[in-house]
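Chemist: Quick one: this structure, given as structure tokens, is what I'll be asking you about.
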Amino acid sequence: MMLKERTDCAGMGILRVSLLLLLTLAVLPASSLAAQKKPSPIPRATAIKGSYLYYFAHYVTWPKKTRAPADRFVITVMGNAPLVLVLKKLSLKKKVRGKPLVIRTLRTLKDWKPCHILFIGKSRKSELARVRRLAERDHVLLVGDTPGFEKRGCTINFFEKNNNVRFFINLSAERKAGLKISSKLLNVAVIVRRLVKKSPYGARTKSAE
């Protein structure tokens, strides 16, 4: 696997400010000082990932042939209930390019519906290969937070380093899904350029440059 870390201090600074503002919406139940002092039931890393997912929506371009709904922006979550709570709080106050933000959960692939972003949690890793094929077909931005997912089909995969949430972007997965990711996002990511030949979860995947 070839990795190239692109660093951009100015871009990272803007990203952090944006995330701080979003985290206020995502994890604080009220604006009073008393409410702010109460510990959040949502893990900090989960709240950050939810804010990132909203942020990604503004820096990814979907092809015209996407099968996702045109009148709303849909984020689907598989296997992470706390993340659903974070996103639903954001959806009450935020829009994406003027469209309502809709949050769905996917309990079984039989209920698959095209969306713009799909997050797959570690508990659903056995389904990753199938989800990847559906995401490529429907031009879905596939996001995970499990070690190795950036090599197994996820276009974006979160990881934690020095108590910070960061993310990989796989350029091959981006291309296969027909997506275009802004350089502003690429500049603050760790870049992966290949997909592995075989998935450890029981399904084969093709190598890509």
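The values are calculated or read from the model by the stated rules, or taken from the named source; none is laboratory data. This one's a predicted model, so the numbers in the text were calculated from it and none came from an experiment. Note that we place each Cβ from the backbone using ideal geometry, even for glycine, and neighbour counts take in every protein chain shown.
Chemist: Might you check whether a residue that is more than 22 Å from Phe167 (Cβ to Cβ) and not small (Gly, Ala, Ser) occurs anywhere in the stretch 73-84?
Modeler: For the stretch 73-84, residues more than 22 Å from Phe167 (Cβ to Cβ) and not small (Gly, Ala, Ser): absent.
Chemist: Looking only at strands (runs of 3 or more DSSP E) that fall completely inside the stretch 68-180, which ones have 2 or more residues that are among the aliphatic types (A, V, I, L, M)?
Modeler: 73-78, 99-105, 117-120, 141-144, 164-170
Chemist: I need every pair where a residue in the stretch 184-195 that is in contact (Cβ under 8 Å) with a residue 12 or more places away in the chain and surrounded by 18 or more Cβ atoms within 10 Å (Cβ to Cβ) has its Cβ under 9 Å from the Cβ of a residue that is among the hydroxyl-bearing types (Ser, Thr, Tyr) and in a helix (DSSP H, G or I), sequence separation at least 6 or different chains.
Modeler: Close Cβ pairs (under 9 Å, with a partner that is among the hydroxyl-bearing types (Ser, Thr, Tyr) and in a helix (DSSP H, G or I)) amount to Leu185/Tyr55; Val192/Ser172; Leu195/Ser172.
Chemist: Determine whether the stretch 55-63 contains at least one residue that is modelled with pLDDT under 95, exposed (fewer than 13 other Cβ atoms within 10 Å of the Cβ) and assigned to a loop (DSSP other than H, G, I, E, B).
Modeler: The answer is no; no qualifying residue exists.
Chemist: Give me the residue from the stretch 132-148 that is in contact with a helix residue (DSSP H, G or I) (Cβ under 7 Å, 6 or more places away or on another chain) and free of Cβ contacts under 8 Å to residues at least 60 places away in the same chain and, out of that set, surrounded by the fewest Cβ atoms within 10 Å (Cβ to Cβ).
Modeler: Glu136
Chemist: Could you tell me whether Ala26 is modelled with pLDDT under 60, touching a Pro at 6+ places or on another chain (Cβ under 6 Å) and not aromatic (Phe, Trp, Tyr)?
Modeler: So Ala26 does not fit the description; no.
Chemist: For residues in the stretch 149-183 being within 16 Å of Thr76 (Cβ to Cβ) and among the small types (Gly, Ala, Ser), which is surrounded by the fewest Cβ atoms within 10 Å (Cβ to Cβ)?
Modeler: That would be Ala177.
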